[in-house]
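Structure first, then comments.
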Amino acid sequence: MSTTVKNQDKTSQTLDWRDGQPYSLRFQDVYFSTSADNPQQGVLETDYVFLKHNQLAQRWQHLSQPSFTIAETGFGTGLNFLCACHLWLSSAPSTARLHFISTEKYPLTLAQMQQAHAIWSDLANVSQALLAQYSALSEGVHRFSLFSGRIVFTLHIGDIQSCLPEIQTPVDAWFLDGFAPAKNPEIWAPALFTHMARLSHRQTTFATFTSAGVVRRALIAHGFSVNKATGYGKKREMLYGHFSGENTLKANPSPNTVAIIGGGIAGCATAYALANRGIKVTLLESHANVAQEASGNPVGVLYPRLAANPNTADAIALSSYLYTLRLLTQLGIEHPDLGRCGLLQLAFNARETARIEAIAKRDLDVEIGRYVDASEASALAGVPLSHAGLYFPNAGWISPQAFCRALLQHTNITVLTQACVAQLTKQQHEWQIHTQQGQTLSADAVVIANANEALQLAPAAHLPISAVRGQMTTVSANPQSASLKTVLCTEGYLTPAIQGSHCVGATFDSQDTSLDIREADNLSNIDMLEHMSPQLMGLKHQQFNGRAALRCATPDYLPLVGQLLNATALTASPPKHKTSAQDLPWHSSLYVNVGHGTKGLTTAPLCAELLASRLVGDPLPVASSLAHALDANRFLLKTLGLKRLVNLNV
Ligand code: SAM
């Protein structure tokens, strides 16, 4: 099998190290000002050009808004990011959030980032926090949350021309840093200034190391007041200024309190994402403990189910997987609750072989996944395998209950168990949540995250979700199986031995809602091992136990996320053709995060972050096409012939 040129190889071929600092061979330019005598030169330049000329220290000391947004062109080594975060942590109120949005077409590898950062000892705490979560960066949007949500970093990987239209939230300060305009005119193309004007308001500032006339004229033409200052180091002049054009940018009022219905992975992850934004959350769970239904399995596997050809579902799978990996690092979940042991997807039949070979030809970062032949797969797995496959080095297994518990460890979260929500009523500006147990509580907003049970609540009763039965099997390890080191996947999965037992699963029965444990289902799980390795077939004779649960599936197998439309009102009087999304009958402050099927451990956290970002008006953690595909009302609007209104920001 021929190997493709991976992202990482492409970057390393175009990066040189001069005086210990990175130099772009592609653009024949330095990433920042360098000097053989002073390794801190780059830090001093960033401090002078970007921080001082955006007056960040003064603005942050007297910050009256809950968050501040910086947008940057060209992330590079992240030096500007590190310096801005360092200043933020020491000067801004501890309850405020810094949004840092950056764009990068040629991301550095983790090793290159480590090498570049090594000399900036004053920035080590921010660098460590970033690099702990920095690995594979596929094209698209990546969300990092650092320092308990005080810094929210949104990195758009791709050409700036496709990244800028994705930014929808107002920007308070611009860092224009994309190599010299003469060496990289593309990044300074007119569209940059059009988007800057679209996203700027009267207090928005900008700064750039360049004083090129083409940049100065474009800024002025787009409504910016431009000043010149002495440049840093060898540069004679630089530009800075503020937006003085007209713009009406909408700010969402954030709720102070949110009630979340359901304590599975979707509810817990939503609680965490909101609590991190300073919102007081009450999570209501009908069982005596959280994570009792589909999230109650002893183990779940973490990996992205990719498609032969990239499509929206594939991009959601990949973004979700990478986001969950970062979240696990943030939460500090480790062994024995998490095994990042790698996962092998085996090419065990013709269909899977074709899919896997097609994926192997994609330009995937090796940190995400790579093709391995049967002999390498066997060495990685620690058992003989007769199939080639895809190897995901950072994938593995997790205890969903431990994941849920870790998400709920937040002072802003209160958990009410044995609280089964029976009804929701709206009282002026707040929701009343009534439980079967007779409690009533109120909240500014409600998120329905109780999977199939959502259908019992009137505003969500129309959602096209259905229960899918799944049984997994726990089987005692034997000496042959104990040598298995990675998760193996064919049509199901097998974990390495965890505290003496393997988990194998799972069955998939759409028309079946029974939770009884079936011998036949355990046997069908165990039979899957035949396609994995003959060395594992002895497990057939070991002791096994089953656990059945119902997942919540949607017709297109993608979750439903976002604010709910009032389906009854909408269906009773369908709007005219020219209606805009704002004019539709919305349930104000009522949201859902359901329909995660078999993939909730990866999709639910990213969907929770998407929902929380929407709720408070933060930058979105995914590309707009993905948010569109996840929209909670997509089926309803399609049925009414109003597909064009899906996901239009309201
Ligand atoms: N701010 C960076 C730092 O702190 O290290 C330095 C940025 S470096 C001067 C410019 C960056 O812009 C490079 O990383 C380069 O790969 C990126 N870049 C160049 N052209 C681009 C484009 N068309 N779209 C997005 N990024 C681009």
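The values are calculated or read from the model by the stated rules, or taken from the named source; none is laboratory data. None of these values were measured; they are calculated from a predicted model. Reconstructed Cβ throughout: ideal geometry from the backbone, glycine too, with neighbour counts over all protein chains shown. What goes into the accessible areas is simple: the full protein's heavy atoms, side chains included, and nothing from ligands, DNA or RNA. Shrake-Rupley method; radii C 1.70, N 1.55, O 1.52, S 1.80 Å.
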Residues of the range 110-146 classified as open to solvent by 20 Å² or more (accessible area, probe 1.4 Å) and either over 18 Å from the mean Cα position of the chain (by Cα) or not hydroxyl-bearing (Ser, Thr, Tyr) (or both), total: 16
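So that you can scan it fast, the table gives a plain yes or no per residue for (1) in a helix (DSSP H, G or I); (2) touching a Phe, Trp or Tyr at 6+ places or on another chain (Cβ under 6 Å); (3) open to solvent by 10 Å² or more (accessible area, probe 1.4 Å); (4) basic (Lys, Arg):
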{"site": "Arg547", "(1), (2), (3), (4)": "no, no, yes, yes"}
{"site": "Pro555", "(1), (2), (3), (4)": "no, no, yes, no"}
{"site": "Leu570", "(1), (2), (3), (4)": "yes, no, no, no"}
{"site": "Lys576", "(1), (2), (3), (4)": "no, no, yes, yes"}
{"site": "Cys607", "(1), (2), (3), (4)": "yes, no, no, no"}
Cross-chain or 6+ apart pairs with Cβ under 9 Å, the range 28-44 first and on the phi > 0 side of the Ramachandran plot and open to solvent by 60 Å² or more (accessible area, probe 1.4 Å), then part of a loop (DSSP other than H, G, I, E, B) and near the ligand (Cβ under 7 Å from one of its atoms): Gln28/Phe179
Inter-residue pairs, beta-carbon under 6 Å, first in contact (Cβ under 8 Å) with a residue 60 or more places away in the chain and in the range 63-92, second away from the ligand (no atom under 14 Å from the Cβ) and charged (D, E, K, R), 6+ apart: Ser67/Arg97; Phe68/Asp172; Thr69/Asp172
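Hey, any hits in the range 221-237 for a residue that's on the phi > 0 side of the Ramachandran plot and modelled with pLDDT under 95?
Just the residues of the range 221-237 that are on the phi > 0 side of the Ramachandran plot, to begin with: 223, 233.
Within this subset, residues satisfying the condition of being modelled with pLDDT under 95 are 233.
There is at least one residue in the range 221-237 that is on the phi > 0 side of the Ramachandran plot and modelled with pLDDT under 95.
Please pick out the residue among Pro619, Pro559, Pro605 that is at pLDDT 95 or above, closer than 27 Å to Leu318 by Cα and touching a Cys at 6+ places or on another chain (Cβ under 6 Å). Explain how you work it out, then say what you get.
Working: Pro619 fails: touching a Cys at 6+ places or on another chain (Cβ under 6 Å); Pro605 fails: touching a Cys at 6+ places or on another chain (Cβ under 6 Å).
Unique residue meeting the criteria: Pro559.
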Residue check for Ser514: assigned to a loop (DSSP other than H, G, I, E, B) and farther than 28 Å from Leu630 by Cβ: yes
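Per-residue answers, yes or no, for (1) under 27 Å from the mean Cα position of the chain (by Cα); (2) surrounded by 16 or more Cβ atoms within 10 Å (Cβ to Cβ); (3) part of a helix (DSSP H, G or I):
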| site | (1), (2), (3) |
| --- | --- |
| Tyr232 | no, yes, no |
| Leu249 | yes, no, no |
| Tyr272 | yes, yes, yes |
| Pro298 | yes, yes, no |
Top-ranked residue in the range 159-180 [being over 30 Å from Pro66 (Cβ atoms) and modelled with pLDDT of 95 or more; ranked as most open to solvent (accessible area, probe 1.4 Å)]: Gln161
Every residue from the range 586-601 that is within 17 Å of the chain's Cα centre (by Cα) and either more than 13 Å from Val561 (Cβ to Cβ) or among the hydrophobic types (A, V, I, L, M, F, W, C) (or both): Val594, Lys599, Leu601
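Within the range 471-480, which residues are open to solvent by 10 Å² or more (accessible area, probe 1.4 Å) and either touching a helix residue (DSSP H, G or I) at 6+ places or on another chain (Cβ under 6 Å) or not in a loop (DSSP other than H, G, I, E, B) (or both)? Before the answer, list the steps.
If we filter the range 471-480 for residues that are open to solvent by 10 Å² or more (accessible area, probe 1.4 Å), which is where we start, we get 474, 476-480.
Listed by number, the residues that qualify are Thr474, Ser476, Asn478, Gln480.
Tell me, yes or no, whether the range 313-321 has at least one residue that is farther than 19 Å from Ala377 by Cα, buried (at least 18 other Cβ atoms within 10 Å of the Cβ) and of a type in the set (S, T, N, Q).
Pass one, the range 313-321, residues farther than 19 Å from Ala377 by Cα: 313-321.
Then keep just the ones that are buried (at least 18 other Cβ atoms within 10 Å of the Cβ); that gives 315-321.
Right, trim to of a type in the set (S, T, N, Q) and you get 319-320.
The answer is yes; a qualifying residue exists.
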Those residues of the range 278-329 which are modelled with pLDDT of 95 or more and basic (Lys, Arg), in sequence order: Lys280, Arg326
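Could you look through the range 160-204, keep only residues that are among the polar types (S, T, N, Q) and under 23 Å from Tyr31 (Cβ atoms), and pick out the one that is nearest to the ligand (Cβ to nearest atom)?
Taking the range 160-204 as the starting set, the residues that turn out to be among the polar types (S, T, N, Q) are 161-162, 168-169, 184, 194, 200, 203-204.
With the extra rule that they be under 23 Å from Tyr31 (Cβ atoms), the set shrinks to 161-162, 184.
Details: Gln161: 7, Ser162: 9, Asn184: 5 Å.
For the range 160-204, the residue satisfying everything is Asn184.
Yes/no per residue for (1) β-branched (Val, Ile, Thr); (2) surrounded by fewer than 23 Cβ atoms within 10 Å (Cβ to Cβ); (3) without any contact (Cβ under 8 Å) to a residue 40 or more places away in the chain:
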| residue | (1), (2), (3) |
| --- | --- |
| Ala482 | no, yes, yes |
| Leu488 | no, no, no |
| Leu494 | no, no, no |
| Gly500 | no, yes, yes |
| Gly505 | no, no, no |
| Ile517 | yes, yes, no |
| Asp521 | no, yes, no |
| Ile526 | yes, yes, no |
Subset of the range 234-247 (residues that are in contact (Cβ under 8 Å) with a residue 60 or more places away in the chain and either part of a loop (DSSP other than H, G, I, E, B) or open to solvent by 50 Å² or more (accessible area, probe 1.4 Å) (or both)): Lys234, Lys235, Tyr240
Candidate set from the range 578-605 (those that are in a helix (DSSP H, G or I) and touching a Pro at 6+ places or on another chain (Cβ under 9 Å)); member that is nearest to Leu637 (Cα to Cα): Asp583
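Select the helices (runs of 4 or more DSSP H) contained entirely in the range 43-141, then report the ones holding at least 1 residues which are modelled with pLDDT under 95 and more than 10 Å from the ligand (Cβ to nearest atom). Steps first, please.
Values: elements: 56-61, 79-91, 110-117, 124-131.
Counting at least 1 such residues, we get 110-117.
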